[in-house]
Amino acid sequence: MGQTLPKPALRPFLAGDTPVLAAIFAASIEELTGDDYSEGQQQAWTSAAEDEEGFGKRLASGLTLVATLESSPVGFASLKGPSHIDMLYVHPGAVGQGVASMLCDALEKLAGGRGAKSLTVDASDNAAEFFAKRGYVAMRRNTVSVGGEWLANTTMQKTLGDGAKPGVPT
Ligand SMILES: CC(C)(COP(=O)(O)OP(=O)(O)OC[C@H]1O[C@@H](n2cnc3c(N)ncnc32)[C@H](O)[C@@H]1OP(=O)(O)O)[C@@H](O)C(=O)NCCC(=O)NCCS
């Protein structure tokens, strides 16, 4: 008999989530991005969460959603301003179960409901295919300086259809 996997759920970010989200951020980068980024680049990237207070402020300043499995946070995503996905991270132990898809579905609906016509994201090289599958199109290649290292990413954009707006007849 196959086991039924618990289903992910979503809730808004609370200030008390900061330490666990910082840990998810670091674990996700350390374990999931090694094919595309060097160890030095990964360390520079994870250092963004070492200042926990600053990281908490970044999470609180956007629209941040937390994905949980059996009430424990396993991932999070953050919308910056009306139309930019600032962060999307899933714990390595919870990947491949639709957690990121659920987070993105919700951000796209919320942004669309607030009037955004499109969403952008500066996608890491390991996440670019995930976003492409969701209809995000590569616009430009970037090289950004993070903690003394240069990291490449791709600005991708998705046009939000009327389906993102609640109550619009089809
Ligand atoms: C990219 C990431 C968020 C995906 O999380 P996830 O919860 O495993 O994604 P999902 O389970 O919702 O996957 C949805 C689909 O995308 C595909 N997918 C997910 N991650 C992928 C990857 N790294 N490369 C290619 N395809 C990927 C899945 O196979 C699935 O495809 P399907 O619908 O055909 O089955 C996760 O791997 C991660 O946190 N990566 C490290 C942090 C990072 O780079 N974040 C992005 C910053 S912009």
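The values are calculated or read from the model by the stated rules, or taken from the named source; none is laboratory data. Everything quoted here is computed from the prediction, not taken from an experiment. Every residue, glycine among them, receives a Cβ derived from its backbone with ideal geometry; neighbour counts consider all protein chains shown. Note: accessible area is taken over every heavy atom of the protein model, side chains too, but ligands, DNA and RNA are not part of it. Shrake-Rupley method; radii C 1.70, N 1.55, O 1.52, S 1.80 Å.
If I ask for residues that are assigned to a helix (DSSP H, G or I) and either within 6 Å of the ligand (Cβ to nearest atom) or closer than 23 Å to residue 158 by Cα (or both), which ones from region 90-106 would you list? Working first, answer last.
Filtering region 90-106 for residues assigned to a helix (DSSP H, G or I) gives 92-94, 99-106.
99, 100, 101, 102, 103, 104, 105, 106 - these are the residues of region 90-106 that are assigned to a helix (DSSP H, G or I) and either within 6 Å of the ligand (Cβ to nearest atom) or closer than 23 Å to residue 158 by Cα (or both).
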Would you check which residues across region 31-42 are without any contact (Cβ under 8 Å) to a residue 24 or more places away in the chain and in contact with a helix residue (DSSP H, G or I) (Cβ under 6 Å, 6 or more places away or on another chain) and list them?
-> 42
Under 9 Å between Cβ atoms, at least 6 apart or on separate chains: pull out the pairs that start in region 149-170 with a residue that is among the basic types (Lys, Arg) and end on any residue that is modelled with pLDDT under 95.
-> none
State which residue is nearest to the ligand (Cβ to nearest atom) when the search covers only region 43-70 and only residues that are in contact (Cβ under 8 Å) with a residue 60 or more places away in the chain and of a type in the set (S, T, N, Q).
-> 68
Within region 124-161, how many residues are of a type in the set (Asp, Glu) and either buried (at least 17 other Cβ atoms within 10 Å of the Cβ) or in a strand (DSSP E or B) (or both)?
-> 1
Among the residues listed as 67, 48, the single one being touching a helix residue (DSSP H, G or I) at 6+ places or on another chain (Cβ under 6 Å), under 24 Å from residue 153 (Cβ atoms) and either modelled with pLDDT under 95 or assigned to a strand (DSSP E or B) (or both) = 67
Which ones in region 113-123 are surrounded by fewer than 19 Cβ atoms within 10 Å (Cβ to Cβ) and within 15 Å of the ligand (Cβ to nearest atom)?
-> 120, 122
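Hey, does region 12-26 have a residue that's in a loop (DSSP other than H, G, I, E, B), hydrophobic (A, V, I, L, M, F, W, C), more than 9 Å from the ligand (Cβ to nearest atom) and open to solvent by 40 Å² or more (accessible area, probe 1.4 Å)? Walk me through how you get there before you give the answer.
Initial filter on region 12-26 (in a loop (DSSP other than H, G, I, E, B)): 13-14.
Of the ones still in play, those that are also hydrophobic (A, V, I, L, M, F, W, C) are 13-14.
Those left that are additionally more than 9 Å from the ligand (Cβ to nearest atom): 13-14.
Adding the requirement that they be open to solvent by 40 Å² or more (accessible area, probe 1.4 Å) leaves 14.
Within region 12-26, one or more residues are in a loop (DSSP other than H, G, I, E, B), hydrophobic (A, V, I, L, M, F, W, C), more than 9 Å from the ligand (Cβ to nearest atom) and open to solvent by 40 Å² or more (accessible area, probe 1.4 Å).
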Residues of region 67-99 being within 18 Å of residue 126 (Cα to Cα) and open to solvent by 20 Å² or more (accessible area, probe 1.4 Å), in sequence order, are 86, 88, 89, 91, 92, 93, 95, 96, 97, 98
